[in-house]
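Readers should treat all values here as calculations from the given coordinates under stated rules, not as data from a laboratory. Fair warning: this is a prediction, and the values are worked out from it, not measured in the lab. In this analysis, Cβ positions are derived from the backbone assuming ideal geometry, glycine residues included, and neighbour counts consider all displayed protein chains.
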């Protein structure tokens, strides 16, 4: 009973927290990109790429949530024990907070990258690579959540 | 790269330059000033003329595109430039005067339309100002009669007849007056006030206290007539604007010709820029530049065919530009290398290595046979149908090759549009089968075997990094910096290999642990002994050596970075799976099937868009940050040949090179 409840909270936390990070990141980047586009609409493709970069955190959160739902019996299968539910909740916090803060930080980097590319299009690839430097922390959080979540059903707790 | 000097007769100048421009074999260089004994031709007047004409045609084209847009699909941007015969340029040149005339007309019509629009704004303002006077049947500047003063004007608030008469009477009790209100709104009342002429001053003073103002620039016509005249004028202008627009649209048939002429002017101005940098005497001119080594013979043959000339080649100096040359497999990835930086003279060309890993890692992250197949099909079709120009062609080939790798990894991970085959199979038969059971070959399940794939990713990262370090080793060795090659690069390579063997030993067997640990410890000792060699004193050297071991953290973080191969691969698979699951929600009735198709198409389109972008960005990052940082310097100057930078036509190069 409690196990399922905790697992659902875990899925929600992973999606929502990481989603907030991405939403803030992409939102800020999109605002700046539109400013650039109002001057020169031919930059749309490049701006789209830079704007979307902070969007992956939300995706990672969603995938962890999906894996939790698959493994916790909501979509068929055994229901988790309370211990397993707590474990799901713990696992979800990694991508939840990792995604939240790295999404916001990456959004800020994106804004600067957009400004840089707007000045000189040749800077685009440098901006892109610099922005992805932030992403590694979301990825690490994602991998921690992932490795725990897929192993929880086998845990006897 | 060779530097080249071509000495030819001046009478052949035009012919030779045109052939050089069409063949795009040589980059022309020019000193600031002419060498002694030579003069330069001042072409700035012609140059300016061509540039002005190019600008004019460009402007005309833009106007034409705005007023008479051409039907164009998004895919047309893939289409290559139109190929034309070199002889056709002569025709374009002959036509250019006529086309410039048309462009001038278009621009003039556009100016007229702009003036017209401004005039209409003025008319509208005038009409709006006359609005309160529409019912007035005398001119606004009607003079006083012999005995009656006529005051026409507005109050800044709304009055009814009664309110106004009270207000005026209060302002001046003994004033004799009569008035008519013509218009009244909440904040404006227009009225005509009559009073005996001898009380005019008094009346004006009274009205002033109520905020009464007389109109500025009153007309001598009855307002209604004036409005009618203005409306007519407005309509005329509108008609004129339509006429101008129709006339511009009528020139749409010249669009192609205008484009060609634009290119022609750009081409000519480029040629004149080159001419202005040539050293010349009365009969001879000298052209200097760079030419790729493979093209030397071709260039010589071309020059000797079209002109009497001497062509001399020399080894190029350090400032020579760089042109990358690769086979069909690696060539598409050249743009990825140059996007980072063009290789310098000291670098080796990293394109072949980069190309392989670019495709490989992209495939592993995008990892879906269905998506890969779509990429290959779409890119191949675009290449066949649109015959794109070189840059676009290379990009399409880049993604086609990535698509092949994607198919490979998709099959390895058992992902074909996610788990679509299994989902459809289950839907039809009512079974409960997974992709692993459905496919005849063993697969790596990204979810169940995540740990295995992560280890694989990091192992591949190790290989990638070691190859990067191997390049560094080779570059140092080639430059005879043996200490750097052996100690700074070689020892780290053996240390990493030792640690990898050690890690493999932990899983596989005791013997490997000893071998790995042995190699790692020996390498680490070597590093301690050698890394402080530039420091002074025994302790300086020792501390420098020990501190260098701290660099291990950067190698570890580089290696961990490759875990993104797993993360992005998994993302693609799971997103596809989610959409497959959603699509079957409504079952197998008619509505369910329609719903399924819609969700399937839209869902997979979203997955492709997001994950292709992610894979592209992250594979690029792995090349730039993890591998290039190990050895690549960049900073070279790209080779920019003297060629036709046209937008709409290209001359048939094969024709010129035969």
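For chain B, the longest principal axis of the Cα atoms and the long axis of helix B:86-130 meet at an angle of about 40 degrees.
May I ask you to sort B:183, A:60 by Cβ crowding, counting other Cβ atoms within 10 Å and putting the fewest first? If you can, show how the numbers build up before the last one.
On the way: B:183 16, A:60 32.
Ascending number of Cβ neighbours within 10 Å: B:183, A:60.
Modelled this way, with points 7 Å down the Cα-to-C-beta line, the labels at residue B:301 and residue B:213 are 8.5 nm from one another. Between the Cα long axis of helix B:200-209 and the first principal axis of chain B there is an angle of about 30°, rounded to the nearest 10.
Can you list the equivalent-ellipsoid semi-axes of segment B:378-438, largest first and in whole Å, using the square root of 5 times each Cα gyration tensor eigenvalue? Show your work: numbers first, answer last.
On the way: eigenvalues 247, 33, 6 Å².
Each semi-axis is √(5λ); the values are 35, 13, 5 Å.
Could you please rank B:648, B:50, placing first whichever residue has the fewest other Cβ atoms within 10 Å of its Cβ? Write out the running numbers ahead of the final one.
On the way: B:648 16, B:50 21.
Ascending number of Cβ neighbours within 10 Å: B:648, B:50.
For the pair segment B:16-54 / segment B:540-602, the C-alpha centres are spaced 54 Å from each other.
Radius of gyration (Cα atoms) of segment B:552-626, expressed as a multiple of 2.2 N^0.38 Å: 1.54.
Overall, the anisotropy analysis places segment B:361-482 in the oblate class: the square-rooted eigenvalues a ≥ b ≥ c of its C-alpha gyration tensor yield a/c not less than 1.5, with a/b not exceeding b/c. If you take the beta carbon distance between residue B:556 and residue A:12 as r and set R0 to 35 Å, what does 1/(1 + (r/R0)^6) give as a FRET efficiency, to the nearest 0.05? The calculated FRET efficiency here is 0.55. Segment A:91-135 and segment B:298-365 have Cα centres spaced 32 Å apart. Residues B:455, B:602 in ascending order of nearby Cβ atoms (within 10 Å, fewest first): B:602, B:455.
From largest to smallest, the equivalent ellipsoid semi-axes obtained for chain A from the alpha-carbon gyration tensor read 38, 13, 10 Å.
Scattering from chain B was approximated by placing one identical point on each alpha carbon and applying the Debye formula without solvent; log10 I(q)/I(0) at 0.06, 0.07, 0.09, 0.12 1/Å stands at -0.67, -0.79, -0.98, -1.26.
Averaged across orientations, what area in nm² does the convex hull of the alpha carbons in segment B:325-432 project? Walk me through the intermediate numbers first.
On the way: hull surface 33.3 nm².
The orientation-averaged projected area of the Cα hull of segment B:325-432 comes to 8.3 nm².
Taking each residue as 0.36 nm, the span from residue B:75 to residue B:55 lengthens on full extension beyond its C-alpha to C-alpha distance by 4.5 nm. Compute the long axis of helix B:13-23 from its Cα atoms, compare it with the longest principal axis of the Cα atoms of chain B, and write down the angle in degrees, 0 to 90, nearest 10. Taking Cα atoms only, the helix is inclined about 70 degrees. Here each label is just a point 7 Å from Cα along the line to Cβ, and for residue B:456 and residue B:123 those points are 7.5 nm apart. Compute the length gained on full extension between residue B:169 and residue B:222: take 0.36 nm times their separation in residues and subtract their Cα-Cα distance, giving the result in nm to one decimal. Contour length minus Cα-Cα distance gives 16.1 nm.
Calculated on the Cα set of segment B:141-218, radius of gyration then Dmax: 11.6, 35 Å. Radius of gyration (Cα atoms) of segment B:106-181, expressed as a multiple of 2.2 N^0.38 Å: 1.77. Spin-label pair residue B:85-residue B:115: with each label point 7 Å from Cα along the Cα-Cβ axis, the two points sit 4.5 nm from one another.
Segment residue B:137..residue B:389, full-extension length gain: 83.6 nm, with 0.36 nm per residue of separation and the alpha-carbon distance subtracted. Once the Cβ-Cβ distance of residue A:93 and residue B:538 is raised to the sixth power relative to R0 = 60 Å, the FRET efficiency obtained is 0.75.
On the beta carbon distance between residue B:327 and residue A:108, with R0 = 30 Å, the FRET formula returns roughly 0.10. In units of the compact-protein estimate 2.2 N^0.38 Å, the protein assembly as shown shows a Cα radius of gyration of 1.37. Per residue of the protein assembly as shown, the DSSP helices (runs of n ≥ 4 H) give a summed -39500 (n - 2.57) that works out to -21500 deg cm²/dmol at 222 nm.
Roughly what % of Cα-Cα distances in segment B:465-575 sit above 22 Å, to the whole percent?
46
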